[in-house]
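Chemist: Sharing a structure, written as structure tokens. Questions coming.
The values are calculated or read from the model by the stated rules, or taken from the named source; none is laboratory data. Keep in mind the model is a prediction, meaning the values are calculated, not measured. Neighbour counts run over all protein chains shown; Cβ positions are idealised from the backbone, glycine included.
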Amino acid sequence: MNLKKIWNGLVRLLEDDDPPGEIVYDPVHVGGVIVGVIAGFGVLYWLLWALLVCEGGLLTKIIPFLQVVLTSKTLGDFGYIGYPYELGIFEGWIVNMAALVLGLGLVAGIWWVLEGRSPRRKRDSR
């Protein structure tokens, strides 16, 4: 092999200038994307945990709530004594409802963003 080719290849590998047309990634942007993805997973995990797991989840509270509203059962039948003291099966309903509202807001926001960038919608506005 030609020693000059090896030397030029090594110099091109170690030089500071990037060839034109090559994509350059800034480490700060890559780090920002990684942190953003991890934060997004954290938010999604909290929403799902608070909605489905915290104090039994929202699904375990829906049927007793409907029984209280639609039948002759009372809140006391499900262990409710008073708000700050003993909520019975309805323990944690505030966290469950907050997760439901935030989750619906997140879905609505994603829907709004994706609908705004629809190619069909851009064609219709011309």
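Chemist: Among the residues of region 41-68, write down those that are of a type in the set (Gly, Ala, Ser) and at pLDDT below 95.
Modeler: Hits for region 41-68 are Gly56, Gly57.
Chemist: If you don't mind, there's one more thing I want to ask. Being of a type in the set (D, E, K, R), touching a helix residue (DSSP H, G or I) at 6+ places or on another chain (Cβ under 9 Å) and assigned to a loop (DSSP other than H, G, I, E, B) narrows it down to one residue among Lys61, Lys73; which is it?
Modeler: Answer to the check: Lys73.
Chemist: Does region 46-58 hold any residues that are under 12 Å from Phe90 (Cα atoms), part of a helix (DSSP H, G or I) and not charged (D, E, K, R), and which are they?
Modeler: Matches in region 46-58: Cys54, Gly56.
Chemist: Scan region 13-45 for residues that are of a type outside the set (A, V, I, L, M) and either part of a helix (DSSP H, G or I) or surrounded by 13 or more Cβ atoms within 10 Å (Cβ to Cβ) (or both) and report the count.
Modeler: Counting residues in region 13-45 that are of a type outside the set (A, V, I, L, M) and either part of a helix (DSSP H, G or I) or surrounded by 13 or more Cβ atoms within 10 Å (Cβ to Cβ) (or both) gives 9.
Chemist: Do you know which residues across region 76-99 are outside any helix (DSSP H, G or I) and not aliphatic (A, V, I, L, M)?
Modeler: Gly79, Tyr80, Gly82, Tyr83, Pro84, Tyr85, Glu86, Glu91, Gly92
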